[in-house]
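Data first, discussion second: the structure below is written as structure tokens.
Please treat every number below as a calculation from the coordinates, not as lab data. The structure displayed is predicted, hence computed values, not measured ones.
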Amino acid sequence: MEYEKYAQEILPYMKMLLKVTTFKEITDISQGEMAVLCYLSFYHNGAAAGELTEKFSVGTSRTAAVLNNLEKKRMVERKPDIADRRKVLVYVTETGRKIAQEKHAETIAHIADLLRAMGDEDAKQFIRIMAKIARILN
């Protein structure tokens, strides 16, 4: 097979996708403030800052900046860890949770529209291929 030829063929499409608003929104939900809000809302409310730094593969200064911004917006709050008073844990507030849920629902709706436009069979194949790509890259 001519994988380099296939790579050349797919590259322009990948570039086009990166410019599409829907894909930008999906990317936004997995980065920065929204990523932290969603992580705290859906996976682990009460995470340590170090856990967030590791989870999102960013520097500690980036994590601190994101948390400071979210705290100013009253979307998260930091509280001492009851088990270890030296640690500080980050919790999403109701305001932050509401925003995360709204953004998550909006993203799901965009993806559902895309899959609907593809049709049932192509949508299933797309999901299968995306899952395979994720497994390969991880």
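Just to confirm the number: angle between the C-alpha axis of helix 94-118 and the first principal axis of the chain, 0 to 90 degrees, nearest 10?
Between helix and principal axis, roughly 10 degrees.
What relative contact order, as a whole-number percentage, does the stretch 42-138 give when Cα pairs under 8 Å and 6 or more residues apart are counted? Intermediate values should be presented prior to the final figure.
Details: 63 pairs, mean separation 20.7, N = 97.
Here the relative contact order equals 21 percent.
What is the distance in Å between the Cα centres of the stretch 31-75 and the stretch 95-138?
After rounding, the separation between the Cα centres reads 22 Å.
Do the alpha carbons of any pairs in K103/K124; K87/K132; K73/K132; K15/K132; K5/K103; K55/K98 sit beyond 28 Å of each other, and which pairs?
Working: K103/K124 24 Å; K87/K132 38 Å; K73/K132 38 Å; K15/K132 20 Å; K5/K103 38 Å; K55/K98 22 Å.
Beyond 28 Å between Cα atoms: K87/K132; K73/K132; K5/K103.
Between 0 and 90 degrees, rounded to the nearest ten: what's the tilt of helix 120-137 against the longest Cα principal axis of the chain?
60 degrees
For the chain, compute Rg over Rh where Rg is the Cα radius of gyration and Rh is the Kirkwood radius from the inverse mean 1/r over Cα pairs. Numbers along the way, then the final one.
On the way: Rg = 18.5 Å, Rh = 17.3 Å.
Here the Rg-to-Rh quotient is 1.07.
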